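Right, one structure below, let's go through it.
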Amino acid sequence: MVNKTRLYWSLQVGGWVLYAVVQIVAALASVNGAISNERIIFLSYEAFFCFLITHGFRTYMNNQRWLALGMPRLIPRVMLSVFLLGIIMYFLRIPVSVPLGLFSAAVVFDPMNILGLSFFYAILFFLWSVFYFIYNYFERYNKSLKLEASVKEIELNNLKSQLNPHFIFNALNSIRALVDENPQKSKQAINQLANILRNSLVTEKKGLTKFGDELKVVHDYLGLESIRFEERLKTEFDIDPASKNFLVPPLMIQTLVENGVKHGISKLTEGGLIQLQTRVINGKLNIRIRNSGHYVNGHKKRSGLGLVNTSQRLKLLYGNEARFAITNESDNFVLTEITIPHLHTT
């Protein structure tokens with residue numbers, strides 16, 4: 001994958017160096033190959049100032065989140081900005097021209113000259129802006145396509161997991177055993193199964209859901225599994241109230257909890273504990289899922305599709321700002337930890 005920062009600096013430096021070379025060659029052609037060193041220095045400084053102005057403009061646009069604006073709001077801002085930058089660029093040249101002996105007050109302060117060159121620089125900065133926005137929009141579009149494809153794949157994998165005959169058979173068997181023994185609890189179990197299946201079928205297409213909604217799915221899943229495992233499955237929840245302000249990939253937490261039950265609790269004769277804990281630290285949501293068992297690093301059966309998809313999904317959604325790790329916290333517990341930033345929607 002191309003490093004975005006490295007690509008930007010390569011194009012930024014290379015583009016303005018090329019601009020300086022073209023300007024010098026054009027000046028040489030206009031005076032039949034004779035050009036002073038002072039003129040070459042002046043043109044080099046001009047390209048350097050263009051480099052500084054466009055980099056500053058990029059920093060300002062990113063800080064103001066212009067890339068998230070729609071075209072009706074973006075275009076007027078860009079048009080006004082490049083016009084102002086063109087004027088700034090014109091007057092930045094003046095202090096350089098004085099020590100080089102190229103300054104002429106009559107020429108420099110001529111209104112037509114100011115207007116003409118400022119307009120030239122404005123066009124130059126406008127073209128730079130067009131290329132910058134086109135690149136970013138294409139990159140975002142490509143990223144959204146990857147995310148959409150990943151979400152579809154994860155949805156299918158979850159459907160296979162949730163809707164496979166063994167899962168339904170075990171769930172219905174557990175519910176059937178409760179019908180005569182505890183009708184009220186069997187009714188609750190049916191509702192939990194229905195909620196799980198419904199959430200599998202109507203997963204948010206945009207790839208994000210409220211943390212509270214995801215937590216309900218986890219409760220339903222563990223409630224249903226507790227019927228099958230009975231006292232072998234113990235659960236603990238320690239949820240930071242601030243967690244509700246976050247959006248998370250749908251079925252992500254449920255998938256990791258299910259992973260802990262399938263590969264941890266179910267393998268232990270005496271059963272074990274599933275613990276879900278969240279904390280909001282420095283504006284990021286930290287999710288910790290502990291389960292009884294032992295994790296063998298790199299073991300394919302333990303990792304499974306769920307963990308691989310979770311890692312890929314976090315990478316697509318949050319880039320390098322997310323963290324995902326699985327470790328043995330002790331001889332008896334496996335810790336799955338996720339840290340995600342607050343993702344703002346526009």
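The values are calculated or read from the model by the stated rules, or taken from the named source; none is laboratory data. The shown structure was predicted, so the numbers you read here are calculated from the model rather than taken from an experiment. All Cβ positions, even for glycine, are placed from backbone atoms using ideal geometry, and neighbour counts span all protein chains on display.
Name the residue that is farthest from Thr310 (Cα to Cα), counting only residues in region 131-182 that are under 23 Å from the mean Cα position of the chain (by Cα) and modelled with pLDDT of 80 or more.
Checked region 131-182; the qualifying residue farthest from Thr310 (Cα to Cα) is Phe131.
Go through region 47-76 and count every residue that is in contact with a helix residue (DSSP H, G or I) (Cβ under 6 Å, 6 or more places away or on another chain) and more than 22 Å from Phe138 (Cα to Cα).
Count: 5.
Does Ile35 qualify as being under 15 Å from Tyr121 (Cβ atoms) and over 25 Å from the mean Cα position of the chain (by Cα)?
Values: under 15 Å from Tyr121 (Cβ atoms): no; over 25 Å from the mean Cα position of the chain (by Cα): yes.
No.
If you take the residues in region 214-247 that are of a type in the set (Asp, Glu) and in contact with a strand residue (DSSP E or B) (Cβ under 9 Å, 6 or more places away or on another chain), which one is farthest from Leu317 (Cα to Cα)?
Restricting attention to region 214-247, the residues satisfying the condition of being of a type in the set (Asp, Glu) are 214, 220, 225, 230-231, 236, 238, 240.
Narrowing further to those that are in contact with a strand residue (DSSP E or B) (Cβ under 9 Å, 6 or more places away or on another chain): 214, 225, 236, 238, 240.
On the way: Glu214: 17, Glu225: 30, Glu236: 28, Asp238: 25, Asp240: 23 Å.
Among those residues, the one meeting the criterion is Glu225.
Quick test for you: out of Gly212, Gly272, Gly264, Gly283, pick the one residue that is small (Gly, Ala, Ser), crowded, with 21+ Cβ neighbours inside 10 Å and under 25 Å from Ala322 (Cβ atoms). I'd like the intermediate steps shown before the answer.
Working: Gly212 fails: crowded, with 21+ Cβ neighbours inside 10 Å; Gly272 fails: under 25 Å from Ala322 (Cβ atoms); Gly283 fails: crowded, with 21+ Cβ neighbours inside 10 Å.
Unique residue meeting the criteria: Gly264.
Within region 52-63, is there a residue that is in contact (Cβ under 8 Å) with a residue 24 or more places away in the chain, among the charged types (D, E, K, R) and out of contact with any strand residue (DSSP E or B) (no Cβ under 9 Å at 6 or more places or on another chain)?
Yes - at least one qualifying residue is present in region 52-63.
Is one or more of the residues making up region 78-90 more than 26 Å from Tyr135 (Cα to Cα), in contact with a Ser or Thr (Cβ under 9 Å, 6 or more places away or on another chain) and loosely packed, with under 12 Cβ neighbours inside 10 Å?
No, every residue in region 78-90 fails to be more than 26 Å from Tyr135 (Cα to Cα), in contact with a Ser or Thr (Cβ under 9 Å, 6 or more places away or on another chain) and loosely packed, with under 12 Cβ neighbours inside 10 Å.
Against the condition modelled with pLDDT of 85 or more and over 16 Å from Leu215 (Cβ atoms), how does Ile265 come out, does it pass? So that I can check it myself, show each step before the final result.
Numbers: modelled with pLDDT of 85 or more: yes; over 16 Å from Leu215 (Cβ atoms): yes.
Answer is yes for this residue.
Within region 306-340, track down each residue that is free of Cβ contacts under 8 Å to residues at least 40 places away in the same chain and under 19 Å from His263 (Cα atoms).
Quick first cut of region 306-340, residues free of Cβ contacts under 8 Å to residues at least 40 places away in the same chain only: 308, 311, 315, 318-331.
Passing the criteria: Val308, Ser311, Phe324, Ala325, Ile326, Thr327, Asn328, Glu329, Ser330, Asp331.
Any idea which of (1) at pLDDT below 90; (2) within 21 Å of Asn3 (Cα to Cα) is the one Gly56 doesn't satisfy?
For Gly56, the exception is condition (1).
Filter region 230-251 down to the residues that are at pLDDT 85 or above and assigned to a helix (DSSP H, G or I), then identify the one that is surrounded by the most Cβ atoms within 10 Å (Cβ to Cβ).
Here the residue is Ser243.
Report yes if some residue within region 103-122 is under 24 Å from Tyr19 (Cβ atoms), surrounded by fewer than 16 Cβ atoms within 10 Å (Cβ to Cβ), under 43 Å from the mean Cα position of the chain (by Cα) and in contact (Cβ under 8 Å) with a residue 12 or more places away in the chain; otherwise report no.
Yes, there is a match, as at least one residue in region 103-122 is under 24 Å from Tyr19 (Cβ atoms), surrounded by fewer than 16 Cβ atoms within 10 Å (Cβ to Cβ), under 43 Å from the mean Cα position of the chain (by Cα) and in contact (Cβ under 8 Å) with a residue 12 or more places away in the chain.
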